[in-house]
1. Tell me yes or no: at least one residue of region 76-94 is among the basic types (Lys, Arg), modelled with pLDDT of 85 or more, outside any helix (DSSP H, G or I) and in contact with a helix residue (DSSP H, G or I) (Cβ under 6 Å, 6 or more places away or on another chain).
2. Given the conditions (1) in a loop (DSSP other than H, G, I, E, B); (2) modelled with pLDDT of 85 or more; (3) more than 28 Å from Lys195 (Cβ to Cβ), which single one is not true for Glu99?
3. Just a yes or no: is a residue in region 44-57 surrounded by 11 or more Cβ atoms within 10 Å (Cβ to Cβ), in contact with a helix residue (DSSP H, G or I) (Cβ under 9 Å, 6 or more places away or on another chain) and in a helix (DSSP H, G or I)?
4. State yes or no: is Arg184 within 20 Å of Ser138 (Cβ to Cβ), modelled with pLDDT under 70 and either surrounded by 12 or more Cβ atoms within 10 Å (Cβ to Cβ) or of a type in the set (Phe, Trp, Tyr) (or both)?
5. How many of the residues making up region 152-181 are at pLDDT below 90 and assigned to a strand (DSSP E or B)?
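The values are calculated or read from the model by the stated rules, or taken from the named source; none is laboratory data. The structure presented is a predicted model; accordingly, all values stated were derived computationally and were not measured. Heads up, the Cβs are rebuilt from the backbone with ideal geometry, glycines too, and the neighbour counts pull from every protein chain shown.
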Amino acid sequence: MNPTRLIQHVLRRKSSRRLARDERGTTAVEFVIVAAPFFALIFAILEAGFNYMAASSLDHALRLSTRLMQTGSAQQANMSEEQFRIELCNRLPSLMSCERVKLDLRPIRLKKLPSFVGRSDDGLAGDVKIIQPEDDESAVYCPGRPGDYMLARALFELPNFMGMAISRKVSGPSGDVYVVEASRVFRNEPFSPVKSTC
């Protein structure tokens with residue numbers, strides 16, 4: 001056998017063995033396979049966390065703000081819807097833009113169901129049915145009079161980072177949006193009556 005061919009043959013066998021043992025690109029390939037689901041999971045966790053934080057913050061802010069209505073402070077000060085919105089937004093984290101908050105505050109009627117048991121201080125214990133006015137589709141701002149049962153709702157339009165339907169989807173004028181909602185039913189305390197604005 002020609003010595004040159006023998007050397008080429010040996011070198012070819014060594015390079016093919018080296019190529020078979022070479023694992024330099026394996027890590028990159030494995031990373032590409034694992035990275036897409038990993039980052040999708042991370043973003044889904046972040047979005048779910050933001051949704052939960054927004055819902056919790058909105059509920060807390062609504063509870064504290066409606067206390068002004070319940071005690072009659074807002075009625076005595078003749079607080080407008082915009083002033084009430086500012087009061088609520090001051091209690092929200094800075095991540096939540098006030099322009100994305102929608103309010104609905106109205107007096108309601110409560111009907112006791114046959115299985116109504118017990119009574120709490122505000123008369124809301126047990127099974128009750130909320131009877132809302134027929135114009136439920138439009139938002140209303142009405143602080144109510146002393147002793148009125150009130151329904152307060154606040155909606156916050158979420159930024160949708162990943163396009164996942166983690167929160168509730170509603171149709172709006174600019175298309176479908178995702179929202180979190182906080183609501184509270186309470187009874188206004190007895191306070192000096194003022195002229196009703198609604």
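1. Going residue by residue through region 76-94, those that are among the basic types (Lys, Arg) are 85, 91.
Within this subset, residues satisfying the condition of being modelled with pLDDT of 85 or more are 85, 91.
Then drop every residue that is not outside any helix (DSSP H, G or I), which leaves 91.
Next, only the ones that are in contact with a helix residue (DSSP H, G or I) (Cβ under 6 Å, 6 or more places away or on another chain) stay: 91.
Among the residues of region 76-94, at least one is among the basic types (Lys, Arg), modelled with pLDDT of 85 or more, outside any helix (DSSP H, G or I) and in contact with a helix residue (DSSP H, G or I) (Cβ under 6 Å, 6 or more places away or on another chain), which makes the answer yes.
2. Glu99 satisfies all of (1) in a loop (DSSP other than H, G, I, E, B); (2) modelled with pLDDT of 85 or more; (3) more than 28 Å from Lys195 (Cβ to Cβ) except (1).
3. Scanning region 44-57, I find no residue that is surrounded by 11 or more Cβ atoms within 10 Å (Cβ to Cβ), in contact with a helix residue (DSSP H, G or I) (Cβ under 9 Å, 6 or more places away or on another chain) and in a helix (DSSP H, G or I), so the answer is no.
4. Values: within 20 Å of Ser138 (Cβ to Cβ): yes; modelled with pLDDT under 70: no; either surrounded by 12 or more Cβ atoms within 10 Å (Cβ to Cβ) or of a type in the set (Phe, Trp, Tyr) (or both): yes.
Criteria not met by Arg184.
5. Initial filter on region 152-181 (at pLDDT below 90): 155-181.
Filter once more, so that each one left must be assigned to a strand (DSSP E or B): 155-158, 168-172, 175-181.
The qualifying residues number 16.
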